[in-house]
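The values are calculated or read from the model by the stated rules, or taken from the named source; none is laboratory data. The model shown is predicted, which means the values in this text are computed figures rather than measured ones. Counting neighbours? That spans all protein chains shown, and the Cβs are built from the backbone with ideal geometry, glycine included.
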Amino acid sequence: MIAPVFFSLRPKQWIKNLILFAALIFSEKGLLFEPVAWLYAFAGFIIFCALSGSVYLLNDIADVEKDRLHPQKSLRPIAAGELSMTEGKAALIIILLISLTAAYYLSELFFSMALAYFMLNLAYSFKLKNMVILDVMCIAIGFVLRATAGVGALKSLEPSIYISHWLVLSTMMLAMFLGLAKRRQEIATYHDEAIHHRNILSQYSLNFIDQMTSILAAMAILTYSFYTVSADTIAKFGSDRLIYTVPMVLYGVLRYLYLIHIQDQGENPSEVVMHDRPLQVNLLIWALFVILLIHFSK
C-alpha cells in the first residue's frame with residue numbers, strides 16, 4: 001500500500017513547491033546565509049509536498065472514472081485498481097492531518113496559507129475546475145499561496161519579513177500563463193477527445209488560449225519588471241540593479257512560448273522544466289544573478 005500511496009502523491013510535481021525557497025532568496029535580512037533559516041524553509045517545503053500530494057490524491061479519488069479513460073492517467077494507482085478508494089481516502093485523511101498539524105507549529109501565517117491552499121483545491125476539485133478561466137486562476141492562486149507560505153515558514157525567525165505585491169502579481173501571471181499552456185497542449189494533443197479527459201476544455205479553443213497566453217506572458221514580464229524598479233524594492237535592497245535580471249525572465253517566457261508552439265510541449269510544465277536544458281540553464285543564471293545582486297553587491 002505504501003508504494004501506491006507514494007506514487008499517488010506525485011513526487012515529480014513537488015518541484016512546484018520549490019517556490020517556497022524564494023522567500024530566502026529575496027530576503028534582505030541575510031537569512032540566505034543562516035542554516036536555521038534553511039531548516040525552517042525545508043520544513044515548509046516538506047509540509048507543502050505532503051499537502052499538495054494530498055490534493056493530488058483527492059483529485060484521483062474525485063476523477064477516478066475520467067482517469068480510467070486517459071492513456072497516462074489510467075496508470076495512476078486508484079484508476080488502475082492498485083489502491084482502493086477506501087485506502088485512498090484513509091491515506092488522504094492521515095496525510096492531511098499530519099500536514100496541517102505540522103503547519104500549525106511552524107507559524108500562524110504558514111498554517112493560514114496551508115489551510116487556504118487545501119480549501120482552494122477542495123473547491124477546485126468539486127466545483128471551480130468546471131468554471132472557465134476560474135479553473136486556471138485557482139491554479140495560479142495556489143502558487144501565490146505557496147510563495148506566501150515560504151514567507152510564513154520564516155516568520156518565527158524574522159517577523160518583519162514580507163513579500164512584495166509586485167512579486168505576488170508576477171507569480172500569479174506566470175502561473176496562469178503555465179496553466180493555460182497546459183490546457184492548450186491538452187486540446188492540441190487529444191482534439192475532440194479532450195473533453196472526455198477534462199470537461200472544461202469544451203469551453204476553450206486554441207485561438208482563445210493563444211490570445212490569453214500572449215496577454216499573460218506580457219503581464220508576467222511587466223509585473224516582474226515593475227518589481228525590480230519599484231521604490232519599495234530599491235529601498236529594501238539598497239539597489240536598483242535587479243532590473244538586470246529582466247532579460248533572463250524575458251528569455252524564459254519566450255523560450256516556453258517556443259516550446260508550446262514549435263515543439264508541441266507544455267502539457268506538464270514540471271516535466272518541461274526538468275527536461276529542457278536551455279530553460280534550466282536560464283533559471284540557474286537568473287537565480288545566481290538575483291543572489292549576487294541582492295546579497296553581494298552592496
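Tell me which residues, restricted to region 1-14, are surrounded by fewer than 18 Cβ atoms within 10 Å (Cβ to Cβ) and in a loop (DSSP other than H, G, I, E, B).
Selection gives 1 alone.
Give the residue, chosen from 43, 79, that is modelled with pLDDT of 90 or more, among the aliphatic types (A, V, I, L, M) and more than 17 Å from the chain's Cα centre (by Cα). Break it down into steps so the answer makes sense when it comes.
Details: 79 fails: modelled with pLDDT of 90 or more.
None of the other options fit; the residue is 43.
Here is a yes/no grid of residues against (1) of a type in the set (A, V, I, L, M, F, W, C); (2) touching a helix residue (DSSP H, G or I) at 6+ places or on another chain (Cβ under 7 Å):
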position	(1), (2)
248	yes, yes
251	no, yes
261	no, no
264	no, yes
288	yes, no
291	yes, yes
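Within region 275-283, does at least one residue satisfy the condition of being assigned to a helix (DSSP H, G or I), in the same structural domain as residue 190 (by TED's automatic domain parsing) and farther than 27 Å from residue 181 by Cβ?
No, every residue in region 275-283 fails to be assigned to a helix (DSSP H, G or I), in the same structural domain as residue 190 (by TED's automatic domain parsing) and farther than 27 Å from residue 181 by Cβ.
Restrict the check to region 214-224 and report whether at least one residue is in contact with a Ser or Thr (Cβ under 6 Å, 6 or more places away or on another chain), at pLDDT below 95 and in a helix (DSSP H, G or I).
Within region 214-224 (the criterion being in contact with a Ser or Thr (Cβ under 6 Å, 6 or more places away or on another chain), at pLDDT below 95 and in a helix (DSSP H, G or I)), the answer is no, since none of the residues qualifies.
Filter region 15-38 down to residues that are part of a helix (DSSP H, G or I) and of a type in the set (Gly, Ala, Ser) and give me whichever is surrounded by the most Cβ atoms within 10 Å (Cβ to Cβ). Walk me through how you get there before you give the answer.
As a first pass, look at region 15-38 and keep what is part of a helix (DSSP H, G or I): 15-25, 31-33, 35-38.
From the residues that got through so far, the ones that are of a type in the set (Gly, Ala, Ser) too are 22-23, 37.
Details: 22: 19, 23: 27, 37: 21.
Looking at the filtered set, the residue picked out is 23.
Cβ contacts < 8 Å: first residue of a type in the set (S, T, N, Q), restricted to region 62-82; second residue part of a loop (DSSP other than H, G, I, E, B), any location; separation 6+ or different chain. Result?
74/68
Would you pick out the residues in region 83-119 that are touching a residue at least 60 places away in the same chain (Cβ under 8 Å) and β-branched (Val, Ile, Thr)?
Start the filter on region 83-119 by keeping residues that are touching a residue at least 60 places away in the same chain (Cβ under 8 Å), which leaves 83, 87-88, 91, 95, 106, 110, 114, 117-118.
Result: 95, single match.
When the residues of region 56-82 are filtered to those that are in a helix (DSSP H, G or I) and of a type in the set (Lys, Arg), which remaining residue is surrounded by the most Cβ atoms within 10 Å (Cβ to Cβ)? Give the derivation first.
Step one: filter region 56-82 for residues in a helix (DSSP H, G or I), giving 56-62, 64-67, 73-75, 77-80.
Of the ones still in play, those that are also of a type in the set (Lys, Arg) are 66, 73.
Values: 66: 15, 73: 18.
By that ranking, first place goes to 73.
Here are the criteria: (1) over 18 Å from the mean Cα position of the chain (by Cα); (2) surrounded by 15 or more Cβ atoms within 10 Å (Cβ to Cβ); (3) in a helix (DSSP H, G or I); (4) not acidic (Asp, Glu). Tell me which single one residue 53 does not satisfy.
(1)
Considering only region 217-227, I want to know if a residue exists there that is under 30 Å from residue 127 (Cα atoms), surrounded by fewer than 17 Cβ atoms within 10 Å (Cβ to Cβ) and free of Cβ contacts under 8 Å to residues at least 40 places away in the same chain.
Looking through region 217-227, at least one residue is under 30 Å from residue 127 (Cα atoms), surrounded by fewer than 17 Cβ atoms within 10 Å (Cβ to Cβ) and free of Cβ contacts under 8 Å to residues at least 40 places away in the same chain.
Hey, any hits in region 79-87 for a residue that's within 27 Å of residue 140 (Cβ to Cβ) and touching a Gly at 6+ places or on another chain (Cβ under 7 Å)?
no
Here's a check for you: in region 83-125, which residue that is of a type in the set (S, T, N, Q) and surrounded by 16 or more Cβ atoms within 10 Å (Cβ to Cβ) is modelled with the lowest pLDDT?
125
Looking at region 238-274, which of the residues that are among the aromatic types (Phe, Trp, Tyr) and surrounded by fewer than 19 Cβ atoms within 10 Å (Cβ to Cβ) is nearest to residue 289 (Cα to Cα)?
Across region 238-274, the extreme among qualifying residues is 244.
Within region 113-167, how many residues turn out to be in contact with an Asp or Glu (Cβ under 8 Å, 6 or more places away or on another chain), under 18 Å from residue 178 (Cα atoms) and not in a helix (DSSP H, G or I)?
0
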